[in-house]
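Here's the structure we're looking at; comments come further down.
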Amino acid sequence: MSRSESRMGRTWGLAGFLVVLVAALGAWAEPPASKLPGRKPDSREPWGAFLGKAAHDAIGREYRLQHPSNTVILDTNLSTIVERGSLGDPERLSKFVRLLRPDITDTRALVLFEIKPDGEESRGEGREQVGRYLAALNEAVEPDKKLTGGTGFEGSLFLEFENGGALWRLSWRTPEPGVTLYRWSYRRKKPNASWKERTAQKEEELPGEEVEQRGELAEQAIRAAYEGGERPKGFQGQVYLPADCR
């Protein structure tokens, strides 16, 4: 073999290795459960983010339901919060912070909450975000309208599938001012038992295959329960809101 042929062989070998390496890295970076029902076929959003949206929606609706006489603003920028809540002058907010969006702001109780999955890392992220929101808002509001992180907000709701099928639970707590942590959990199928009896079952992590199968229905069923609408097509079960669980 000539020297030039040897070099060419090594070049093609390196190119082949790089192709394999790139393909392997791409497969490693692929998010889980990218075929979750209710999303576009080419969506790359992991299922945890999908259920996170459902949790944010339910928790925000529940806070608003529990405080019907308050002005509760959900997932809205700081500038709009100051204006709608008649808290002060939104022009005092710098352009770098006015678009920040707390998950829940109660402009009557003068508290806000950031909703995060239950975990130490997300709890720390929530704490930092709440600090930024409060620092920015309290520079713009009137002296007697300073906001703080909300406390004491907790609850849970249940979804029962197929009248005795899998039982899902969404629970949330506020372990420190302004930081509300949520968690999804799961109880296995147990026919001929009431949902209250089933709450005593062993609590497990929500399996990924359950979310792929029922994720879209769960989100739709929770929304319909809060809005008083019809059950989504294909949902043969029941939603038990916090008022039902007390």
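The values are calculated or read from the model by the stated rules, or taken from the named source; none is laboratory data. This one's a predicted model, so the numbers in the text were calculated from it and none came from an experiment. Quick reminder, even Gly has a Cβ in these numbers, built from the backbone with ideal geometry, and neighbours come from all protein chains shown. We work out accessible area using only protein heavy atoms, side chains counted, and drop any ligands, DNA or RNA first. Shrake-Rupley method; radii C 1.70, N 1.55, O 1.52, S 1.80 Å.
Remarks
- For the stretch 94-246, the antiparallel share of DSSP beta bridges with both residues in that region comes to about 80%.
- Nearby aspartates and glutamates by direct alpha-carbon distance to Lys196 (threshold 12 angstrom, same-chain neighbours under 8 apart not counted): Glu160, Asp244
- 3J(HN,Hα) couplings calculated from phi for the stretch 145-153 with the Karplus curve 6.51 cos²θ - 1.76 cosθ + 1.60 (θ = phi - 60°) are, in sequence order, 10, 5, 9, 9, x, x, 9, x, 9 Hz; Gly and Pro show x.
- Residue pairs, from the table Lys53/Lys146; Lys53/Lys233; Lys95/Lys145; Lys116/Lys189, whose Cα atoms sit over 26 Å apart: Lys53/Lys146; Lys116/Lys189
- FRET efficiency for the Ser69 to Leu100 pair, using the beta carbon distance and R₀ = 25 Å, is estimated at 0.40.
- Which of Gln236, Gln213, Trp195, positive extreme of dipole for the stretch 186-246 (C-beta unit charges): Trp195
- Put a dot 7 Å past the Cα of Ser86, heading toward its Cβ, do the same for Ala193, and the two dots end up 5.3 nm apart.
- Efficiency of FRET between Gln236 and Gln201 - r from beta-carbon atoms, R0 22 angstrom, step 0.05: 0.65
- Residue order by solvent-accessible surface for Trp195, Trp168 is Trp195, Trp168, largest first, with ligands and nucleic acids left out and a 1.4 Å probe.
- Spatial separation of Cα centroids for the stretch 208-246 and the stretch 105-173, in angstrom: 22 Å
- For the pair Glu120 and Lys146, label points projected 7 Å from Cα toward Cβ lie 3.2 nm apart.
- Computed accessible area, Lys190, all protein chains, 1.4 angstrom probe, square angstrom: 100 Å²
- List Thr105, Thr174, ordered by accessible area with a 1.4 Å probe, largest first: Thr174, Thr105
- Solvent exposure of the stretch 124-246 as accessible area per residue, Å², 1.4 Å probe: 52 Å²
- Packing-based ranking, highest mean first, of 198-205, 219-226 given that Cβ atoms within 10 Å are counted: 219-226, 198-205
- Accessible area per residue (1.4 Å probe, heavy atoms of protein chains only) ranks Asp103, Asp75 as Asp75, Asp103, with the largest value leading.
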